[in-house]
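This report refers to the structure that appears directly beneath it.
A short reminder: the numbers here are calculations on the coordinates, not readings from a lab. Small disclaimer: the values here were computed from a predicted structure and weren't measured. Neighbour counts are summed over all protein chains in view; Cβ atoms, including those assigned to glycine, are modelled from backbone coordinates with ideal geometry.
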Amino acid sequence: MAKIRAFAALRPAKGLEDKIAALPYDVYSREEAKRVVKSNPLSFLAIDRAETQFPDSVGTYEDCVYDKARDMLDTAIENGSFVQDSAPCYYLYEQTMNGRAQTGIVACASIDDYLSGVIKKHENTRVDKEIDRIRHVDTCNAQTGPIFLCYRNIEALDKLTRQQKERPAECDFLSDGGIRNRVWIISDEESKKTIREAFAGTDRIYIADGHHRCASAVKVGLKRREQFPDYTGEEEFNYFLAVLFPQDQLMVMDYNRVVKDLNGLSAAQFLEVLGKDFTISCEGKEPVHPARKGEFGLYLCDGNWYRLTAIGQPDGSDPVKSLDVSFLQDQVLEPVLGIKDPKEDPRISFVGGIRGLEELQKRVDSGKDMAAFSMYPTSMNELFAVADAGELMPPKSTWFEPKLLSGLFIHRL
């Protein structure tokens with residue numbers, strides 16, 4: 001049983017949503033974040049990345065940075081930039097990109113469901129990346145960036161969502177990239193009961209994106225339990241901010257690979273080696289978008305695109321080995337290019353599909369890299385299969401767009 005509960009969100013004051021809501025903190029470098037905040041001081045990125053308020057001589061992870069984030073959030077609440085709803089609610093959050101909409105339920109998920117495996121993960125997390133968000137959440141006493149969760153469609157929730165969206169939206173604005181964002185408040189008791197009971201009837205919810213933010217939120221909750229040993233389990237620190245999407249609402253994009261060198265091989269030699277495991281056709285200057293599983297695009301330093309089609313079939317009984325990203329790693333990246341650990345090897349980098357195949361070609365044509373692989377996207381069913389098996393995907397297996405905005409909903413602990 002999943003415990004997904006309503007909460008009284010702290011939200012931007014009416015009319016400030018488009019000024020405050022911002023892309024997640026981790027999509028920006030420090031320099032990029034500084035530019036965004038300079039152009040829009042109301043951007044929530046100023047709180048998410050409070051080092052933007054200091055000279056570069058101040059480290060990103062110094063105590064004063066987290067203290068500044070708390071002070072800025074407190075000030076924004078005091079001056080009315082944020083307003084807290086008077087009672088616990090659920091919310092609908094719709095994002096529309098390039099004519100395609102996805103609608104999720106904004107709520108709080110249980111840290112106990114994460115610990116027990118009801119909320120399933122498919123990626124490992126790194127402690128060093130967790131520490132920053134642990135300190136941010138703990139110091140601000142608030143979760144500011146929602147975790148991206150998904151679930152297999154539940155008809156009662158599909159029906160409720162359709163009905164709720166017949167009402168005018170609470171807010172409706174465009175964010176970066178022309179993405180339309182709309183929010184509805186679900187406050188009536190009957191609808192809240194429908195949501196609560198629908199999720200109570202499922203024992204599997206999946207983290208789509210935000211593994212580090214989720215792990216950090218859980219660790220803050222566990223820290224608070226140690227501080228308050230008489231906790232009942234109902235305190236807000238036992239829950240974390242999430243947006244839950246039904247499976248059919250989501251689109252996974254490709255997550256492509258770029259390598260700096262060919263491990264001593266020439267382009268011709270590399271193609272010859274690949275010929276043992278792939279049929280290869282040269283497509284010239286035409287970028288290759290893989291059309292199915294087992295198909296890969298390759299842009300080489302010889303200025304040509306190639307279509308690679310796997311000759312052998314991966315082990316279908318193993319949900320990890322059957323992934324295209326695993327096949328490429330096991331057949332090419334490690335044995336041919338010597339990239340044993342893609343998480344650590346500086347010779348490989350990853351490019352989200354939102355940037356297009358032009359970015360792959362640009363990277364190779366610049367001379368900084370020698371080859372780029374375009375991937376067929378991992379499917380939601382593959383993600384579910386890996387998580388259900390208790391396994392982990394290789395790094396950078398999935399890329400979701402659009403990104404959930406931070407600062408649009410805040411959960412105070």
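Using 7 Å Cα-to-Cβ label points, what is the ARG347/SER187 separation (nm, one decimal)? Inter-label distance under the simple model: 6.0 nm. Cross-link partners of LYS165 among aspartates and glutamates, defined as those whose alpha carbon lies under 18 angstrom from its own and excluding same-chain residues fewer than eight positions apart: GLU94, GLU155, ASP188, GLU189, GLU190, ASP248. For GluC sites (Glu not before Pro), the sites in the stretch 222-251 that DSSP calls loop and that have at most 15 other Cβ atoms within 10 Å are GLU234, GLU235.
Pull out a ≥ b ≥ c, the square roots of the eigenvalues of the alpha-carbon gyration tensor of the stretch 57-143, then state rounded if a/c is under 1.5, prolate if not and a/b is larger than b/c, and oblate in the remaining case. Here the stretch 57-143 falls in the oblate category. Which of ALA291, ILE354, TRP305 sits closest to the plus end of the dipole of the stretch 255-376, meaning its Cα is farthest towards the positive end, when Lys and Arg get +1 and Asp and Glu get -1 on the C-beta? So the residue we want is ILE354.
Projecting the Cα atoms of VAL364, GLN329, PHE409 onto the dipole axis of the chain, where Lys and Arg carry +1 and Asp and Glu carry -1 at the beta carbon, places PHE409 farthest toward the positive end. Among rounded, prolate and oblate, which fits the stretch 255-376 when a ≥ b ≥ c are the square roots of the eigenvalues of its C-alpha gyration tensor, a/c under 1.5 means rounded, and a/b larger than b/c means prolate? The shape class here is rounded.
Given R0 = 35 Å, the distance between the Cβ atoms of ALA101 and ASP128 translates into a calculated FRET efficiency of 0.45. The DSSP beta bridges internal to the chain are antiparallel in roughly 90% of cases. Here the simple spin-label model places points 7 Å from the Cα toward Cβ, and for LEU222 and ARG167 these points are separated by 3.9 nm. Neighbour counting of Cβ atoms within 10 Å sorts the residues MET253, MET1, fewest neighbours leading, into MET1, MET253. Summing charges over all other residues whose Cβ lies under 11 Å from the Cβ of ASN238, with Lys and Arg as +1 and Asp and Glu as -1, gives -1. Think of the chain as having a plus end and a minus end, set by charges on the Cβ of Lys, Arg, Asp and Glu; of ASN381, VAL320, THR125, ASN381 sits farthest toward the positive end of this dipole. Treating r as the C-beta distance of ALA13 and SER379 and R0 as 35 Å, the FRET efficiency rounds to 0.30. Straight-line cross-link reach from LYS223 at under 28 Å between alpha-carbon atoms covers these lysines, not counting any fewer than eight positions away in the same chain: LYS3, LYS68, LYS120, LYS121, LYS129. Listed by Cβ neighbour count within 10 Å, with the fewest neighbours leading, ARG347, ARG307, ARG292, ARG257 appear as ARG292, ARG347, ARG307, ARG257. Note on ASP74/ASN40: beta-carbon distance plugged into 1/(1 + (r/R0)^6) with R0 of 25 Å gives a FRET efficiency of 0.80. With a Cα cut-off of under 14 Å and a minimum spacing of 8 residues unless on different chains, the lysine pairs in the stretch 255-376 number 4. For the stretch 255-376, the dipole from Cβ point charges (+1 on Lys and Arg, -1 on Asp and Glu) about the Cα centre works out to 200 debye, to the nearest 20.
Can you tell me the relative contact order of the chain? Whole percent, Cα pairs under 8 Å, sequence separation 6 or more.
Normalised by residue count, the contact order of the chain is 24 percent.
When ILE131, ILE147, ILE179, ILE348 are arranged by Cβ crowding within 10 Å, least crowded first, meaning fewest neighbours, the order is ILE131, ILE179, ILE348, ILE147. In a simple Cβ point-charge model (Lys, Arg +1; Asp, Glu -1; nothing else charged), the chain has a dipole of about 440 debye relative to its Cα centre.
Modelled label positions at SER29 and SER266, each set 7 Å beyond Cα in the direction of Cβ, lie 3.5 nm from each other.
Would any residue of the stretch 262-286 have its amide N under 19 Å from a label point 7 Å out along Cα→Cβ of ILE311? List them or say none. Only 268-282 fall inside the zone, counting backbone N under 19 Å.
If only the Cβ of Lys and Arg carry +1 and only the Cβ of Asp and Glu carry -1, the dipole of the stretch 28-124 around its Cα centre is close to 420 debye. The convex hull around the C-alpha trace of the stretch 114-249, projected and averaged over every direction, spans 10.2 square nanometres. Across the stretch 303-413, the mean sequence separation of Cα contacts (distance under 8 Å, 6 or more residues apart), normalised by length, yields a relative contact order of 29 percent.
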